[in-house]
1. Give the residues of the stretch 220-248 that are basic (K, R) and under 23 Å from L145 (Cα atoms), sorted by residue number.
2. Somewhere in the stretch 202-219, is a residue open to solvent by less than 50 Å² (accessible area, probe 1.4 Å), among the β-branched types (V, I, T) and over 24 Å from S113 (Cα atoms)?
3. Contact list please: Cβ distance under 6 Å, first residue in the stretch 213-227 and touching a residue at least 12 places away in the same chain (Cβ under 8 Å), second residue open to solvent by 30 Å² or more (accessible area, probe 1.4 Å), pairs at least six apart or on different chains.
4. P315 fails exactly one of the following numbered conditions: (1) surrounded by 20 or more Cβ atoms within 10 Å (Cβ to Cβ); (2) farther than 27 Å from S219 by Cα. What is the number of that condition?
5. Over 18 Å from N144 (Cβ atoms) and open to solvent by less than 10 Å² (accessible area, probe 1.4 Å): does that describe A121?
6. Restricting attention to the stretch 95-109, and to residues there that are open to solvent by 10 Å² or more (accessible area, probe 1.4 Å) and touching a Leu at 6+ places or on another chain (Cβ under 8 Å), which single residue is farthest from G329 (Cα to Cα)?
7. Do you know which residues across the stretch 272-285 are under 11 Å from the mean Cα position of the chain (by Cα) and open to solvent by 10 Å² or more (accessible area, probe 1.4 Å)?
8. Go through the residues of the stretch 81-89 one by one and say whether even a single one is farther than 15 Å from T302 by Cβ and open to solvent by 10 Å² or more (accessible area, probe 1.4 Å).
Amino acid sequence: MNTWQKSYIRKFSNKDTLSYNIFVMALLSITLSAGIILSISLGSTKLTLTETINALINESSSNTYQIVNYVRLPRMLAAVLAGSSLSVAGVILQTVLNNSLASPNVIGVNAGSGLFVVLIAAFFPSFFYLTPVAAFMGALIAVNLVYLIALKTGASRMTIVLSGIAVSSFIGAITDTVLTIVPDASISRTAFMIGGFSGVTMEKLQFAALFIIFGLIVSMLLSYDMNILSLGDESAKSLGLNVPLYRFVLLAVAALLSGSAISFSGLIGFIGLIVPHAARFLVGNDNRILIVVSAMLGSSFTVFCDILSRILFAPYELPVGIIMSFIGGPFFVYLLLMKKRGNL
């Protein structure tokens, strides 16, 4: 995007914010719709739009019906749910912790969820349907542990990031130990650690989807309080906000969203870091609109990354977590450089 386009967007946004926001959401809706259609149609077996629609509405025993309804449809829904939930979790964490570098994978949320998912798979495989609950508990413990460490050592932006890295490393060591001791755990180690949507079924999605939808609704209901919280603790308290309570509740919501996504997608990273920043560039810092735009942008971004993972090296498939890392790694370095220059 060139300088003229950036200035035009900012001018348009200031002149008519409501119309601009509607335009952005309409554009994202079209983008997401296109991604959904392509996600179901593209793969090792290419399908026309007519074949895809017929397979969705007409039950049969044909190969096309099996491919669409048992492989591609669950995979597309998984990408949409994971993208929206991890993006909104990133918005919440960055707001609550007042840190532009915070995201589920950076501050240990992913690691905590991953550990509890692995524990369920290794020692309680008969209760694997409770994976979303276990992932939520792991994420909640990890994010609160990081926050407590940061408070004890001085809650600066960099301290929170360093605390997250330390907690992630420690939890990751425990996870590796469990998988080494119990190599026959009912989970693919490599696939889970990298993250992806291959092999996702409707049964895996159903329970997690309920948690994600609930978390997205709660985050929308608390978006105004997030705006107040972003003003700083003292200002929020002066406006009558119970800061400790709302901070804990919002961290719990972020943990619920992250853990639920990780329960079926594995340790996908960087969505919660990249998307909130992109959404802020588009619509600003008002969480009432930022959460909606982040959810839509995150879904679109994840769906298209999943499409790329299938077609770049076809007929071989690249795990979508690798695509995310290729994009997210340089973006994280860019944010660090921007922070050093005082632009964040």
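1. Of everything in the stretch 220-248, just one residue is basic (K, R) and under 23 Å from L145 (Cα atoms), namely R247.
2. For the stretch 202-219, residues open to solvent by less than 50 Å² (accessible area, probe 1.4 Å), among the β-branched types (V, I, T) and over 24 Å from S113 (Cα atoms): absent.
3. Note: pairs meeting the criteria are S223/R288; D225/Y246.
4. Looking at each condition in turn, P315 falls short on (1).
5. In short, yes.
6. For the stretch 95-109, the residue satisfying everything is T95.
7. I274
8. no
The values are calculated or read from the model by the stated rules, or taken from the named source; none is laboratory data. All figures in this text were calculated on a predicted structure; none of them were measured in a lab. Reconstructed Cβ throughout: ideal geometry from the backbone, glycine too, with neighbour counts over all protein chains shown. When the accessible area is computed, the model is the full protein with side chains, heavy atoms only, and any ligands, DNA or RNA have been set aside. Shrake-Rupley method; radii C 1.70, N 1.55, O 1.52, S 1.80 Å.
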